[in-house]
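Here is the structure we will look at, set down as structure tokens.
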Amino acid sequence: MSKKIAIDGPAGAGKSTIAKMVAKELGFIYVDTGAMYRAMALYMLNNGIDASESEKISATCQTADITIRHENGAQKVYLNGEDVTELVRKEEVGKMASASSVNGDVRKKLVELQQKLAETTDVVMDGRDIGTVVLPNADLKVFLTASSRVRAERRFKELTEKGTECDIDVIEKDIIERDYRDSHREISPLKQADDAVLVDSSYMTIDEVAEKIISLYKDTKK
């Protein structure tokens, strides 16, 4: 029986960074759900489908087979048997992913593919609806959050280190607005599963958060 850890939470809470660390420590596969959406977007582009053609997107997504594998310590994304790890990072693929991910049929298909992957592999998955929709029977569910100000400070630091001028108050306003959108959308809104453990990372280091989640997981095995 494969083991499953679900980490949900708002944007900027550090889900992906933490999920990767936890997966590495436990020897699980980190499932980059965002990369799977990008692979689906690549499939649409390869089939000459435009972002506005929702009916074609709904029909075409049914024939996509997308999975994540770890090879030589690196994550690989496969689309219908082809390694598309580098291709999914292209700018036009990201734009298409943003448009196609709101399609209910695309989401439904990717949830099926994510569940199929989790049936045969020990996984750590992060997102907005992993504990509520994708892996409702996960061994451990974590809702990882941090205050909007702390998340804005992290983003501000990240951008200024890259030499980008920005306003922390504007960043925080954007985060608050995104939280609202994510938690009020029709399909798979962001919400804490009833049986998820709340972890507030506002005043914790990345290592402390990862250790906390690993400890919580080990407690489920007792």
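Observations on the model:
- Checking T160 against (1) β-branched (V, I, T); (2) under 22 Å from E211 (Cα atoms); (3) assigned to a helix (DSSP H, G or I), the condition it does not meet: (2)
- Checking each residue in the range 168-194 for being outside any helix (DSSP H, G or I), in contact with a Phe, Trp or Tyr (Cβ under 9 Å, 6 or more places away or on another chain) and at pLDDT 90 or above picks out Q192, A193.
- Residue within the range 195-212 that is modelled with pLDDT under 95, exposed (fewer than 14 other Cβ atoms within 10 Å of the Cβ), of a type in the set (A, V, I, L, M, F, W, C) and assigned to a helix (DSSP H, G or I) present: yes
- First in the range 35-62 and touching a residue at least 12 places away in the same chain (Cβ under 8 Å), second anywhere and of a type in the set (S, T, Y), Cβ under 6 Å, 6 or more apart: Y37/S101; A41/S100; M44/S100; N47/T60; I57/S100
- D50 meets all of the listed conditions (1) of a type outside the set (F, W, Y); (2) in the same structural domain as K212 (by TED's automatic domain parsing); (3) more than 30 Å from R149 (Cβ to Cβ) but one, namely (2).
- Pick from the range 92-132, criterion β-branched (V, I, T) and not in a helix (DSSP H, G or I), ranking: surrounded by the most Cβ atoms within 10 Å (Cβ to Cβ): V124
- Filter result (among the aliphatic types (A, V, I, L, M) and surrounded by 19 or more Cβ atoms within 10 Å (Cβ to Cβ)) within the range 46-84: I49, I57, A64, I66, I68, V77, L79, V84
- Restricting G104, G94, G34, G9 to those that are at positive phi and not hydrophobic (A, V, I, L, M, F, W, C) reduces the list to G9.
- Only residues that are closer than 21 Å to P189 by Cβ, surrounded by 14 or more Cβ atoms within 10 Å (Cβ to Cβ), out of contact with any Leu (no Cβ under 9 Å at 6 or more places or on another chain) and not hydroxyl-bearing (S, T, Y) were counted in the range 135-175, giving 7.
Here's the yes/no breakdown for (1) touching a residue at least 40 places away in the same chain (Cβ under 8 Å); (2) touching a Pro at 6+ places or on another chain (Cβ under 9 Å); (3) hydrophobic (A, V, I, L, M, F, W, C):
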{"residue": "C166", "(1), (2), (3)": "no, no, yes"}
{"residue": "V170", "(1), (2), (3)": "no, no, yes"}
{"residue": "R181", "(1), (2), (3)": "no, no, no"}
{"residue": "V197", "(1), (2), (3)": "yes, no, yes"}
{"residue": "S202", "(1), (2), (3)": "yes, no, no"}
{"residue": "T205", "(1), (2), (3)": "no, no, no"}
{"residue": "A210", "(1), (2), (3)": "yes, no, yes"}
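- Test: residue in the range 148-167 that is modelled with pLDDT of 95 or more and among the basic types (K, R): yes
- Only a single item in (1) out of contact with any strand residue (DSSP E or B) (no Cβ under 6 Å at 6 or more places or on another chain); (2) under 26 Å from S215 (Cα atoms); (3) not aromatic (F, W, Y) is not met by K141, and it is number (1).
- Restricting attention to the range 44-91, the residues that are part of a helix (DSSP H, G or I) and within 18 Å of N103 (Cβ to Cβ) add up to 14.
The values are calculated or read from the model by the stated rules, or taken from the named source; none is laboratory data. Every value quoted in this text rests on a predicted model; they were computed, and no experiment measured them. Note that each Cβ is placed from the backbone with ideal geometry, even for glycine, and that neighbours are counted across all protein chains shown.
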